[in-house]
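Asks: Before I ask anything, here is the structure I am working with.
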Amino acid sequence: MINYIGKAAEIISLSKNTVAFTGAGISVESGIPPFRGTSGLWSKYDPMLLDINYFTSHPERSWKAIKEIFYDFLSSAKPNPGHIALARMEEASLLQAIITQNIDNLHQQAGSKVIYEYHGNSQKLVCMKCATVYEAGEVTITDELPPKCAKCRGILKPNFIFFGEGIPEYAARMSVEAGYSCEVFIIIGTSGEVMPANLLPGMASQNGAKIIEINTEPSKYTRSVTDVFLQGKASEVLTSLLCELNLK
Ligand code: NAD
């Protein structure tokens, strides 16, 4: 294991197929807290609030937390230099896809095009009764919770994955394909705690991909699959990487 940005840039330059795998850490500098760690969301909220069975039986309680976590401030979050660096790398054909565990829509806002949203997206809401899909902007999320479908008064659920739900079929298939076919896999800001997303780096590594990891601290991956560990904030490390790749 080495800690060297020039080495990472060289590996990426020589690769014909590079995939980035992002987690909550890349959005921390956009003002969105991660789940884990001392300032993480789980220090304030009970993860059970995002369990699908709990949501179905107590939608008003789950929705109170969902509104505070995902809709009160997430809508004003903007992409940071880390998101923008990945979009720039894709534009320069140095990145072929992003697999993201995030549901914050910031990769899209930064201009990335090929994105597999492993856990769905908060920008859509779906009616649990008639399956009508709404854009978040179409729904007024007030203190009168849960929000209801305009057509059938069914309860609306954010179109991201709750604990106990399956991964969206398309994103799951495309992520596995991307992981298996890539030459370089860049892990950015994820603890590696969430199944089954956390299996993707191991899959890529077993298939011969070089693993570059960016994180403020070592993760589960650092000593197991990582070839090059770049310690630091995602926005700073990715900005330095862009310079090394002559893209800045
Ligand atoms: P996590 O909360 O388990 O771990 C966050 C990781 O990011 C840690 O390893 C931490 O060391 C690292 N980190 C913190 N700040 C960083 C920075 N500035 N730069 C680089 N790394 C940094 O998050 P996870 O592994 O993504 O998994 C938890 C789940 O959290 C995912 O399913 C995801 O959907 C969900 N989540 C998403 C958002 C979002 O959409 N922005 C926010 C919170 C949680």
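Throughout, read-outs are computed from the coordinates displayed, never taken from laboratory work. All figures in this text were calculated on a predicted structure; none of them were measured in a lab. When we count neighbours, we look across all protein chains shown, and the Cβ atoms used for this are built from the backbone with ideal geometry, even at glycine.
Asks: Taking the square root of 5 times each eigenvalue of the Cα gyration tensor, what semi-axes in Å does the equivalent ellipsoid of segment 1-97 have, largest first?
Replies: Rounded to whole Å, the semi-axes are 35, 14, 14.
Asks: Using a simple spin-label model with points 7 Å from Cα along the Cα→Cβ vector, what separation in nm is obtained for residue 206 and residue 113?
Replies: 3.3 nm
Asks: List every residue whose amide H lies under 5 Å from the amide H of residue 124, counting only residues 5 or more places away in sequence or on a different chain, with H placed 1.01 Å from N in the peptide plane.
Replies: Excluding prolines and chain starts, which carry no amide H, the hits are 136, 159.
Asks: Kirkwood hydrodynamic radius of segment 97-154 from all distinct Cα pairs, in Å?
Replies: Taking the inverse mean of 1/r over all distinct Cα pairs, segment 97-154 comes out at 12.9 Å.
Asks: Shifting gears a bit: Among 94, 66, 152, which residue has its Cα positioned farthest towards the positive end of the charge dipole of the chain, with +1 placed on the Cβ of Lys and Arg, -1 on the Cβ of Asp and Glu, and the dipole taken about the Cα centre?
Replies: Selected residue: 152.
Asks: Oh, and also: For the pair residue 177 and residue 143, what calculated FRET efficiency results from E = 1/(1 + (r/R0)^6), where r is the Cβ-Cβ distance and R0 = 45 Å, to the nearest 0.05?
Replies: With a Förster radius of 45 Å, E is 0.55.
Asks: Give, as a single signed number, the net charge of other residues whose beta carbon lies under 13 Å from the beta carbon of residue 96, with Lys and Arg counted +1 and Asp and Glu -1.
Replies: -2
Asks: Additional query: Mind giving me the FRET efficiency for residue 193 and residue 151? R0 is 51 Å, r the Cβ-Cβ distance, nearest 0.05 is fine.
Replies: 0.85
Asks: Which loop chymotrypsin sites (Phe, Trp or Tyr not before Pro) in segment 51-90, with loop taken from DSSP, have no more than 13 other Cβ atoms within 10 angstrom of their Cβ?
Replies: Loop-located and lightly packed - 73.
Asks: What does the chain give for Rg and for Dmax, in Å, if only its C-alpha atoms count?
Replies: Rg, Dmax (Cα atoms, Å): 18.4, 57.
Asks: Sum up the charges of everything whose Cβ sits under 14 Å from the Cβ of residue 34, counting Lys and Arg as +1 and Asp and Glu as -1, but leave residue 34 out.
Replies: Net charge around residue 34: -1.
Asks: Order these peptides, 23-36, 231-244, by their mean beta-carbon neighbour count within 10 angstrom, highest first.
Replies: For the peptides 23-36, 231-244, the packing ranking is 23-36, 231-244.
Asks: Right, something else. Rank the residues 133, 225 as a footprinting-exposure proxy: fewest other Cβ atoms within 10 Å of their Cβ go first.
Replies: With the sparsest Cβ surroundings first, the list reads 133, 225.
Asks: Hey, what's the per residue convex hull volume over the C-alpha atoms of segment 94-226, in cubic angstrom?
Replies: Dividing the Cα hull volume of segment 94-226 by its residue count gives 132 Å³.
Asks: Tell me, what HN-Hα J-couplings in whole Hz come from the Karplus equation 6.51 cos²θ - 1.76 cosθ + 1.60 at θ = phi - 60° for each residue of segment 75-83, using x for Gly and Pro?
Replies: For segment 75-83, the Karplus curve yields 5, 9, 5, 10, x, 9, x, x, 4 Hz.
Asks: Rounded to the nearest 0.05, what FRET efficiency do residue 247 and residue 217 have when you use their Cβ-Cβ distance and R0 = 35 Å?
Replies: Efficiency, rounded to the nearest 0.05: 0.85.
Asks: Here is a further query. Mind checking which lysines have their C-alpha under 28 Å from residue 44, skipping anything on the same chain fewer than 8 residues away?
Replies: Partners found: 64, 67, 78, 124, 148, 157, 220, 233.
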